[in-house]
1. Express in nm, to one decimal, how much length is gained between residue 95 and residue 239 on full extension, taking 0.36 nm for each residue of separation and deducting their alpha carbon distance.
2. What shape does segment 168-299 have by the C-alpha gyration tensor, where a ≥ b ≥ c are the square roots of the eigenvalues, rounded means a/c under 1.5, and otherwise prolate means a/b greater than b/c and oblate the rest?
3. Under Stokes-Einstein, with the Kirkwood radius over Cα pairs standing in for Rh, what whole-number D in µm²/s applies to segment 218-279 at 20 °C and 1.002 mPa s?
4. Under a crude label model (7 Å from the Cα following the beta-carbon direction), how far is residue 37 from residue 143 in nanometres?
5. When DSSP beta bridges are limited to those with both residues in the chain, what percentage is antiparallel, rounded to the nearest 5?
6. Using the count of nearby Cβ atoms within 10 Å as a rough guide to exposure, how do 269, 279 rank from fewest to most?
7. Can you give the Rg/Rh ratio of segment 124-192, where Rg is from the C-alpha atoms and Rh is the Kirkwood radius?
8. How do 162, 82 rank when sorted from fewest to most other Cβ atoms within 10 Å of their own Cβ?
């Protein structure tokens with residue numbers, strides 16, 4: 001049995017997968033915010049409860065909002081900032097009494113989709129999570145590409161490419177820079193853009209609903225979002241040339257993206273035609289936690 005854990009900023013989710021990838025159990029608990037030790041203990045508790053209920057011990061893979069530094073062994077780059085600079089993997093292995101595997105949550109997402117999801121059998125897959133933040137991972141022939149600095153796929157913390165006059169220097173990002181792709185393409189980024197257009201505060205779901213009702217400002221916001229996503233993904237295509245780009249996270253539920261963005265990105269891709277497909281995740285919000293479980297797939 002494989003156990004996968006998705007450690008998010010607000011929830012910790014666990015899944016148990018049988019050898020054939022079928023789901024045996026899934027549950028969620030709240031993440032203790034701003035408390036590192038309590039976060040570790042909450043993970044230990046949910047593992048213990050799961051294994052007692054199923055009557056079997058499993059391998060454990062964990063998707064985190066950051067990455068383990070190959071230099072220091074400490075967690076870095078997490079927007080759940082109380083995890084940064086901590087020996088997360090080491091501490092959790094001591095508490096659990098066994099080896100675990102840890103990877104970035106976007107890496108887990110793309111691994112899930114490349115294993116048995118929307119990117120199955122793809123030579124190169126780029127998996128994007130667009131929600132509260134914006135992250136991405138890369139899978140080559142079904143294997144996650146981590147990179148020498150454990151940051152392969154950190155697409156959201158590059159500058160928005162081909163910026164327009166009103167996009168530079170851009171909003172300030174939690175990473176300390178300005179104009180990161182995340183500040184434009186995350187859900188909060190869309191809300192901030194709508195406020196710049198309308199001086200009204202709406203979350204991304206309400207903006208989409210307003211556009212469907214014919215709200216001109218909401219529609220302008222969505223069109224701007226699509227143009228920025230098209231430029232941002234064209235930049236990836238020019239470097240990585242993936243067979244497929246898979247979208248996950250809350251913003252991936254916006255169906256119009258799959259039609260409009262590929263039409264727009266052709267202007268920026270350095271090719272006479274673009275064969276890359278843009279598709280929604282097969283497993284939706286479950287891909288991250290499933291991918292964490294698949295970290296123990298050694299095929």
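1. This chain segment gains 47.7 nm when fully extended.
2. It is prolate, given that a/c is not under 1.5 and a/b is the larger ratio.
3. 181 µm²/s
4. Distance between the two pseudo-spin positions: 4.1 nm.
5. 60 percent
6. 279, 269
7. 1.03
8. By the 10 Å Cβ count, ascending: 162, 82.
Values in this text are rule-based calculations from the coordinates and carry no lab data. Note that the structure is predicted; figures quoted are calculated from it, not measured. All Cβ positions, glycine included, derive from the backbone under ideal geometry; neighbour counts span all protein chains shown.
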